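The values are calculated or read from the model by the stated rules, or taken from the named source; none is laboratory data. These numbers come from a predicted model, not from an experiment. Positions of Cβ are generated from backbone atoms using ideal geometry, with glycine treated the same way; all protein chains shown enter the neighbour counts.
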Ligand code: SF4
Ligand code: SF4
């Protein structure tokens, strides 16, 4: 059970899938891990209030839409997401450095909340991948412009899955989904069993060598709650990284999703990532 | 710790996610399923006597129960020792996450220990404990009296009740033993992120390999302890137990073969990296130790024993070699599942390496100690609760 000060309970999966949106009167409290009932009840009451205020007890779609927009502006719970424009990433890895600084990630090259992969697809069809500036090239091979078919950089981070296997397997509920769609680890209760690390298909987690608890990207939860951007987004010189509220029509993320063909990583695993990629190459896993 | 990771860097082949260099579940987690497997297997052997009335293996009955108990007592230790915060492990009882397979460990364990094994052993030994306590001097007398929970009733009716209770517990016990180890298989089999683990067959393969290892270790112990006690090995019992072992190995082998063929035939995205894993990193432990030494050779020996009419002495020797090979094979199986499953990248583009420590909690010496501990516990258990000899006197002699 998350026992941090963060009001994180109802599963993000439940929320994002709830077609009634977050203000419907009919919204029954979502199934939440024990201990989340109070939060849910509070949310339910809030929802009720919003509904009454907007005068839409059985409001039509239009009314509901208006109500939703105003509700978000009135400080309603957002649903955070992340966008990566693969074509814009120049592989400068300033994001990686910023993340390590911001979040106390150990400096050694074995612990990352985010990293950038460089793909080189060769004329002969072979693929070379490296984590930029971290792991050695897979082949000591001279790459010339001639034998390169295409090349691109792919920033990676925790996908804040709406259906997160890491949350499912954690035996003590130390890893949990917040209502705003971020998956967090409570390092006060994590027992360090590392089951979540095994369960994450994206290699997004590591065991912090000092706290001996699991750690991973939080979208810089401490920053976004203050209205700031995640550190990596802030430093990215090309805006390859985007952050925003998936429920808000005005957020850059929503615009990004509207304007691009979007893909997520390993969709076949049904983890429902909330990190969206544009121009993602099929070679990326 | 990070120093060790630097040493691994040059050994990475291909591309792995940067967080994947460290192998998170090491030797301790290899020991864990190995030990629980023996518990489940030994218990199922014991059930043969009670539920299926296989009279020939009666001499193994008590030994298998005590073996199961000795190993069960050790089973949580490797798990606890590998936690980053062992002192917080009680959280798994207080606030278990019901969706987590691992959270159920404590409950499955407690059920098996308290409801099945201890109760069964108590009913098995109750009458003897009372008789022993009558005839002995302190302090053994006190121990046995206390262990009998101060019951004194050895009347026909009471003994009849014991027998009925035993039958009942064994009947619950079999599914519980299945649960105990099938569940361990599920911990791995349910991880969809890992194609080496993720398989519905995993719990069943675990179960049968558990039966194999449990039966083999009881035979092994029987063949060592009986001569030490100056008694003679009951060849009829040995043959019967060995033939159970034979069938269990065949089922286990077929299941693993099925899994193998299925993977190759389906040939999913991960097949390339998995075959690289098997051919490069696991060749010795999988192809040689697990399949060849741990399965085919023992199967061959057992077939030969069945076909030819060997003398007792030679048969004993062959059985002994077989059960040792089988233990090596099953330990390799656990190794290949646990360590093998972490040596390839989930990007399916590269392999990493596992470097075993010698000292420390994750080290070889500690794991060896954990593997020896059940035998020490068993020796003590056998002192207090002799496994052979019906009456108190006979037991005292031994
Ligand atoms: S990417 Fe991995 S760590 Fe992040 S939410 Fe998904 S499963 Fe969990
Ligand atoms: S290591 Fe992961 S699964 Fe284990 S307790 Fe910590 S957060 Fe939960």
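The set of residues from the stretch A:184-195 being out of contact with any strand residue (DSSP E or B) (no Cβ under 7 Å at 6 or more places or on another chain) and facing chain B (nearest Cβ under 7 Å) comprises A:189, A:191, A:193, A:195. Of the helices (runs of 4 or more DSSP H) lying entirely inside the stretch B:290-398, those carrying at least 1 residues that are within 14 Å of chain A (Cβ to nearest Cβ) and in contact with a helix residue (DSSP H, G or I) (Cβ under 8 Å, 6 or more places away or on another chain) are B:312-338. Which of the following residues is within 16 Å of ligand 1 (Cβ to nearest atom) and away from chain B (no Cβ under 14 Å): A:173, A:91, A:181? Result of the check over A:173, A:91, A:181: A:181. Scanning the stretch A:233-268 for residues that are within 16 Å of ligand 1 (Cβ to nearest atom) and more than 18 Å from residue A:217 (Cβ to Cβ) gives A:263, A:267, A:268.
Those residues that are outside any loop (DSSP other than H, G, I, E, B) and without any contact (Cβ under 8 Å) to a residue 12 or more places away in the chain, I need them from the stretch B:231-261; list them, please. Answer for the stretch B:231-261, where residues must be outside any loop (DSSP other than H, G, I, E, B) and without any contact (Cβ under 8 Å) to a residue 12 or more places away in the chain: B:247, B:254, B:257, B:260, B:261. Residue A:168 satisfies every condition listed in (1) crowded, with 24+ Cβ neighbours inside 10 Å; (2) within 10 Å of ligand 1 (Cβ to nearest atom); (3) not in a loop (DSSP other than H, G, I, E, B) except (1). The number of residues in the stretch A:198-223 being more than 30 Å from residue B:186 (Cα to Cα), assigned to a helix (DSSP H, G or I) and within 16 Å of ligand 1 (Cβ to nearest atom) comes to 1.
Number of residues in the stretch B:106-124 that are within 17 Å of residue B:76 (Cβ to Cβ) and either surrounded by fewer than 17 Cβ atoms within 10 Å (Cβ to Cβ) or touching a residue at least 60 places away in the same chain (Cβ under 8 Å) (or both): the value is 11. Residue count for the stretch B:49-97 satisfying the condition of being in a loop (DSSP other than H, G, I, E, B), in contact with a helix residue (DSSP H, G or I) (Cβ under 8 Å, 6 or more places away or on another chain) and more than 16 Å from ligand 1 (Cβ to nearest atom): 5. Only a single criterion out of (1) within 7 Å of chain B (Cβ to nearest Cβ); (2) modelled with pLDDT of 95 or more; (3) over 15 Å from residue A:112 (Cα atoms) is not satisfied by residue A:205, namely (3).
In the stretch A:143-161, the condition of being crowded, with 24+ Cβ neighbours inside 10 Å, within 8 Å of ligand 2 (Cβ to nearest atom) and within 11 Å of another protein chain (Cβ to nearest Cβ) is met by no residue.
Only one of these conditions is not met by residue A:187: (1) surrounded by 20 or more Cβ atoms within 10 Å (Cβ to Cβ); (2) within 16 Å of ligand 1 (Cβ to nearest atom). Which number is it? Checking residue A:187 against (1) surrounded by 20 or more Cβ atoms within 10 Å (Cβ to Cβ); (2) within 16 Å of ligand 1 (Cβ to nearest atom), the one that fails is (1). For the stretch A:234-264, a residue qualifies if it is without any contact (Cβ under 8 Å) to a residue 60 or more places away in the chain and buried (at least 19 other Cβ atoms within 10 Å of the Cβ), and exactly one does: A:251. If you check B:243, B:155, B:190, which single one turns out to be out of contact with any helix residue (DSSP H, G or I) (no Cβ under 7 Å at 6 or more places or on another chain) and within 16 Å of ligand 2 (Cβ to nearest atom)? Only one candidate passes the filter, namely B:190.
Among the residues of the stretch A:210-240, those identified as in contact with a strand residue (DSSP E or B) (Cβ under 6 Å, 6 or more places away or on another chain) and away from chain B (no Cβ under 14 Å) are A:218, A:219, A:229, A:230, A:232, A:233, A:240. Let me spell it out: the conditions are (1) within 16 Å of ligand 1 (Cβ to nearest atom); (2) assigned to a helix (DSSP H, G or I), and residue B:206 meets all of them except one. Which number is the exception? Failing condition for residue B:206: (1).
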